[in-house]
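No value in this document is a laboratory result; all are computed from the given coordinates. No experiment lies behind these values; they were computed from the predicted model shown. Don't worry about glycine lacking a Cβ; one is built from the backbone with ideal geometry, like all the others, and counts go over all protein chains shown.
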Amino acid sequence: MNMLTPSTQAILLLTSYFSENRVKNIIPLSAEEWGGFAQWLHKHNLKPESLLEEGIETLLKDWSDESITITRLQALLERGGALALAMEKWQRAGIWVITRTSPLYPQQLKKRLQNISPALLYGIGNPKLLNKQSLGVESIQESSQEISSLFWKAGREIANDGYILVTDEVNKSAIKGALENGGNSIVFVANNLLQKSLNGAYREALIQNDLVLVSSYYPESVLSSNNALETSRYIQAHATSMVRVVPKSKNPPIQLSLFDNDTQEFTDLFFNFFISQLQYIPNDTFKPKELEILFSLKSSQITTWLEEAQERKIIKRLEGRVKRYQLVE
Amino acid sequence: MTQNEGLQLLRTSINNLNAQFHKDQWEAIDALVNHRKRMLVVERTGWGKSSVYFIATRALRDKGFGVTVIISPLLALMRNQIVSAERLGINAVTINSTNSKEWQLISGQLLDNEVDALLISPERLANENFMETILTPISDKIGLLVVDEAHCISDWGHDFRPDYQRITRILQQMPPTIPILATTATANNRVVDDIERQIGGIETIRGTLVRDSLILQNIKLSSQASRLAWIIEYINSIEGTGIIYTSTIRDAEIVARWLQENNISASAYHGNVTHQDFEDSNSYRQHLEEQLMNNQIKALVATTALGMGYDKPDLGFVIHYQLPASIVAYYQQVGRAGRAILEARGILLSGYEDSDIQAFFINSAFPSEEHVFEVLNILEKSSGLSMREIEGLINLRYGQIEKVLKYLAIQSPSPILKEKSKWYRTPINYSMDREKIAFLTNQREEEFKDIETYMESKECLMRYLRETLNDTDTKECGKCANCNPSNSMSSSFSHDLGIKASKFLKHHAIPIKVKKQFPKDALIQYGFKSTIPIELRHEEGRVLSKWMDAGWGKTVADNKHNSYFDDELVDAFVDMIREWNPTPMPKWITCVSSLTHTQLVPSFAQRVATKMGLPFREAIIKCKSNQPQKMMHNRFYQCHNLDGAFEIVDIADEPVLLIDDIIDSGWTVAVLSALLRQKGSGEVFPVVLSSTANG
Ligand SMILES: [Zn+2]
């Protein structure tokens, strides 16, 4: 069993809930609040664990913030009993927790989200997957057999290409596709990690270290819409690129689309089959700069970009790969 | 808080203006309250650990800290503790299974911050409902955590209590913001070192074990009859009231009954003990504890279930009917005697069955790997199962399944998790820690060897105990049976008492309880539903002996091996029935039939019938060869195995004795009785020669 370091204990106390049954007016710091406070601590040569010692009034005499008051911090830090009871239960169920300073923490989230990257990640399964390059699949509900099957193929292709699928729990077929074809997957869970970890469908892959379930919310949390939104943000931040499946009423019935990580919009790529496969192209095909450009483009700009790309002979490399991603008939 | 303020609180709490702190008491309070430290306090019973945590609680509450949580195996705070807490204005409450009706009220008080100290047993922590509704809501603000009997934290502690593994892990995750007080009366250096290693940052205060008033003596009396006789011969010559420890529940019952038959007020006390006037076992046990506390009975005959830390200052004697598991366990039990009186007796009796009993305990301490994987396998294929559902899916005894679940559930990480009464398989790659099991088993064997050696010792017995416990003070006591033989009691007893005791052991019929329910869907061919209608149930029955026991059990086993039950068993059996005198008196006799041993039981039943002058009818025909019932390990399989196996012919419409040789789970007699009654017989009274260990 992992003994928590005092630093992790302090961060847990300041940023996490431990149970639904709790004192209602004690509210942990948000990722953003914690980010700011942690910076302040660092600037004043204080470590989070210093807050576990006596006399935080003295330690924090130069701190002032309307929302993060000393009283609030003290009430949070007093919850040591709740922390110990909860962590004992969660660890017994195989759940671990990592902070931003852990080498296991996904660096991609830190880099892209900075101050609003989650202060803590709870997880179960193989934490080493968190720092591998991932391709994201995120979607609407799997409403039809057709979509499910498409997702399954997407998972398979990602696995075949040696990438890790990062997704949420909705895309069960994609997860299956990846796992059944020898791949690995990271699944961001919006709530109740503990209960979901008991789902038989995940068990074997979790035991075999092929899967990791992660959540920025405490493992027994119930759903709030906020959780779901943030989870989707974390998937986007983690993924090197994203795939969305958009059902169409006409032929072809389904089209793969690239989701723009920065504008939070679809970059609906009408350039037929060829372009619709772009998102599956692992980024070693591109130089990082090229990728960035690609993902920030609006659809109107794509034509121009492609012309330029052709000039730079990127298209040649693309053509070679596209044949391998025959996802859409 | 200053020392002087602390002293004022001490004086208030024990209502004595001149009281002074015992050695180390103030040091412990100071460390907890003023420095919020973690303390391990190794002090003898009676040193005053409750003063330490109540004074600390008062001080911390005054500073605005949250409730003190005390985890202790005791069922309730001792009366004197509650009084001293009240004097400090401390509202101390306890939550256990005896007061579940008050939980909601107490929970409300806890949430309103009106409770200062909450006392719970270690087992509570395994109760999901309690954890979720009571402990978790208040855990946002715990001021002080007290863990009693802290030696259980260590694997080297003599009694390995699974619930303490959980406590240990909770302590390990506890941030340094919460002061912790761990207390024990018995811990040798190895245990202290281990606790210090496991609970980071804990400091130890250690006192001396001295117990000047205790006169120790060891007496070897091989047969149980001789020990029973000895106790009756001498118990009234020992002043005061006390405890007689036995190694098994059954022996606690037998010894208590023997004492009662000899007009000595005594009661059995063990984990399963119940009484019709009390709602459950806990409330009855609490009543028994109080009876002894108030000297209303001469003795409690108890297993180790008699709460550790049971604190009665004037306990006059502790007699061990059998050897306990280890020297540390022995010291802890015998050390309860003579705290506040001038003289007390600690008598260690030992007999032939000791090593068998301990070997059984040691070997059955952990579930077998086979059982573990059977249970895991079932859970893997499911999406959550209740205990009853598991029972229907695997052929293991309820107790065996429970043992597996209990063992697995306290592992961390654990391959199983209980959520809302269902067990789930967690995604944890699990293999049994064979090394640890071997280590613990070996250690227990060594510990038992040590107490066998102590039993034979010719040295000062008190010094022997103290040295084993690494006490600093190891001078000769001058009063034990070895130091001062004139203090010792004789090991002889009257011949008549010896004969009476051995007769008593042979007349110890065990009741067969009435079964009211069959497992669901187990008896489809017979068409029996789950609830057994009253008119199909059997009456309470009798068993002559426990398989291999000191009464008739050994004879039954030997005779069964030779395929013939001797006439001395017929005589004993008929005596038992006459003594019991069931009403309405049975008018005919029948027996369970078998396809493999066709004559064994019928021949016996026939001779019983002849002796009693009743007709014998072979009313039951075995019509299907099934698996031996002893291969069926839980209620579902045991019943299911009987479905359609018997047919009833030739009955009389009058009360009947239903005879069998061995009773295990009791389903055979329950099913046969229902069939007999269905066919029109009168009341059915099952009578059996012997019951097996699980019966
Ligand atoms: Zn001595």
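Observations on the model:
- Amide H contacts of A:Asn184 (H built 1.01 Å from N, in plane; Pro and chain starts excluded): A:Leu165 sit under 5 Å, all sequence-distant by 5 or more or on other chains.
- For B:Lys503, the lysines whose Cα comes closer than 27 Å to its Cα, not counting residues fewer than 8 places off in the same chain, are B:Lys220, B:Lys298, B:Lys513, B:Lys546, B:Lys554, B:Lys560, B:Lys611.
- Residue exposure sequence - B:Lys587, B:Lys420 - by fewest surrounding Cβ within 10 Å: B:Lys420, B:Lys587
- Under a model in which nothing but the beta-carbon of Lys, Arg (+1) and Asp, Glu (-1) is charged, the stretch A:6-95 shows a dipole of about 300 debye around its Cα centre.
- Backbone N atoms of the stretch B:652-684 closer than 18 Å to the 7 Å Cα→Cβ label point of B:Leu595 belong to residues B:668, B:672.
- Chain B shape via C-alpha gyration tensor axes, a/c threshold 1.5: prolate
- With Cα atoms, 0 to 90° folded angle of helix B:281-293 axis to chain B main axis: 60
- Selection among B:Ile510, B:Gln599, B:Gln678 by position relative to the dipole of the stretch B:509-691 gives B:Gln678 as farthest towards the positive end (Cβ unit charges, Cα centre).
- The stretch B:60-66 - phi-based ³J(HN,Hα) in whole Hz, Karplus 6.51/-1.76/1.60, Gly and Pro as x: 5, 5, 4, 7, x, 7, x
- Selection from B:Met576, B:Trp552, B:Val669, by position along the positive dipole direction of the stretch B:509-691 (Cβ): B:Val669
- Residues of type aspartates and glutamates that B:Lys449 reaches as a straight line, Cα spacing below 20 Å, ignoring anything fewer than 8 places off in the same chain: B:Asp155, B:Asp159, B:Glu353, B:Asp354, B:Asp356, B:Glu459, B:Glu467
- In sequence order, calculated HN-Hα J values of the stretch B:465-481 (Karplus, 6.51, -1.76, 1.60; Hz; x Gly/Pro): 5, 5, 5, 4, 8, 6, 6, 6, 8, 10, 7, 5, 7, x, 9, 6, 4
- Of B:Lys587/B:Lys630; B:Lys420/B:Lys529; A:Lys176/A:Lys196; A:Lys24/B:Lys37, those spanning more than 19 Å from alpha-carbon to alpha-carbon: B:Lys587/B:Lys630; B:Lys420/B:Lys529; A:Lys24/B:Lys37
- Calculated diffusion of the stretch B:363-435, Stokes-Einstein form, Kirkwood radius summed over Cα pairs, 37 °C and 0.692 mPa s, µm²/s: 268
- Cα gyration tensor shape of the protein assembly as shown, rounded if a/c is under 1.5, else prolate or oblate by comparing a/b with b/c: oblate
- Partner shielding of B:378-387 amounts to 1, given as the average count of beta-carbon atoms from other chains within 10 Å of each residue beta-carbon.
- 14 Å beta-carbon shell around B:Asn429, net charge (K/R +1, D/E -1): -2
- Distant-in-sequence amide H partners of B:Arg38 (H built 1.01 Å from N, under 5 Å): B:Ile180, B:Glu203
- Förster-model FRET efficiency, 41 Å R0, B:Lys436 and A:Asn199, C-beta, rounded to 0.05: 0.85
- Amide H contacts under 5 Å for B:Ser121: B:Ser72, restricted to partners 5 or more places along the chain or on a different chain, H placed in the peptide plane at 1.01 Å from N.
- Note on the stretch B:75-185: the C-alpha convex hull projects to 7.6 nm² when averaged across all orientations.
- Against the main long axis of the alpha-carbon atoms of chain B, helix B:369-380 sits at an angle near 90°.
- Rounded to the nearest 20, the size of the Cβ-charge dipole of the protein assembly as shown about its Cα centre is 1280 debye, with Lys and Arg at +1 and Asp and Glu at -1.
- Calculated over the stretch B:32-114: convex hull of Cα atoms, volume per residue (Å³): 111
- Remark: B:Leu171, B:Leu536 ranked as B:Leu536, B:Leu171, counting other beta-carbon atoms within 10 Å and listing the fewest first.
- Counting neighbouring Cβ atoms within 10 Å and putting the fewest first, the residues B:Lys49, A:Lys172 line up as A:Lys172, B:Lys49.
- Cα-based shape type of the stretch B:551-659, given that a ≥ b ≥ c are square roots of the gyration tensor eigenvalues and the cut on a/c is 1.5: oblate
- Degrees separating the helix B:434-456 axis from the principal Cα axis of chain B, which is the longest one: 90
- For B:425-434, mean number of other protein chain Cβ atoms within 10 Å: 5
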